[in-house]
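The values are calculated or read from the model by the stated rules, or taken from the named source; none is laboratory data. For clarity, every value in this text was computed on a predicted model and none was experimentally measured. So basically every Cβ, Gly included, is an ideal-geometry build from the backbone, and we count neighbours across all protein chains shown.
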Amino acid sequence: MIQTDLHIKQDFLTPNPHSRPGDKIKEVKGIVLHWTALPKATAQNIRDYFESLKAPEGRFASAHFAVGLVGEIVQCIPLDEIAYHCGSKTYTPEKEKRLGPDSPNFYTIGIEQCVLDMTGKFTEKTLDSAARLTAELCLKYNLDANDLWTHQGIVGWKDCPRWYNTHPQDWIGFKKRVDDLLKKRHEN
């Protein structure tokens, strides 16, 4: 658990091979931001979707946190366990350089952000909660804004988060927002 004034609902997934395998994180070296690609879903909807994957034919997917349209946060996976949020058959050279040859799921925390529509637009409340959560995680793991990733930045081909792929200046802005929050915390 992280120490924060954010309200985070812990609703851990049932251990299962498709969304909560129980494997331990080796070392947190980064935080990966995602979009849900499911317009108007709540954070709880996303958590419940991950839970539904425990069926034998389920696909592999999960994230540590889901941040909703009104800023609600649901934690789906304990921080010492991996989530299936950025596995791939191929990775970017930057991922290989900074996170090594293993699956990035062993070295990163995944945050899903709910969206208004298929453009991937986030609400201000989603952005605020996601930035504050990300800053708290950075403090916990001694990371900074340079340790933030998009899913596409890890794998090179995934349109995730779509909004940041089509509006790269907003990704820069999100990282600055997190950096500003970290600077404020270090001043206090």
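The residues of the range 62-79 that are outside any loop (DSSP other than H, G, I, E, B) and among the small types (Gly, Ala, Ser) amount to a single one, Ala66.
Within the range 6-23, residues that are of a type in the set (Gly, Ala, Ser) have Cβ atoms under 7 Å from residues that are surrounded by 14 or more Cβ atoms within 10 Å (Cβ to Cβ) and in a strand (DSSP E or B) in these pairs: Gly22/Glu81, counting only partners at least 6 apart in sequence or on another chain. Of all residues in the range 29-39, none are touching a residue at least 24 places away in the same chain (Cβ under 8 Å), closer than 18 Å to Asp11 by Cα and surrounded by fewer than 21 Cβ atoms within 10 Å (Cβ to Cβ). Scanning the range 65-106 for residues being among the aromatic types (Phe, Trp, Tyr) and in contact with a Lys or Arg (Cβ under 8 Å, 6 or more places away or on another chain) gives a total of 1. None of Glu72, Glu57, Glu81 is acidic (Asp, Glu) and over 16 Å from the mean Cα position of the chain (by Cα) except Glu57. Out of Asp48, Asp23, Asp11, one residue alone is touching a Lys or Arg at 6+ places or on another chain (Cβ under 8 Å) and of a type outside the set (A, V, I, L, M). It is Asp11. Only helices (runs of 4 or more DSSP H) whose full extent lies in the range 92-188 are considered here, and the ones with at least 2 residues that are over 14 Å from the mean Cα position of the chain (by Cα), surrounded by fewer than 14 Cβ atoms within 10 Å (Cβ to Cβ) and modelled with pLDDT of 95 or more are 93-99, 168-187. Just name the residue that is nearest to Ile77 (Cα to Cα) out of those in the range 7-42 that are in contact with a Phe, Trp or Tyr (Cβ under 8 Å, 6 or more places away or on another chain) and not in a loop (DSSP other than H, G, I, E, B). Across the range 7-42, the extreme among qualifying residues is Arg20.
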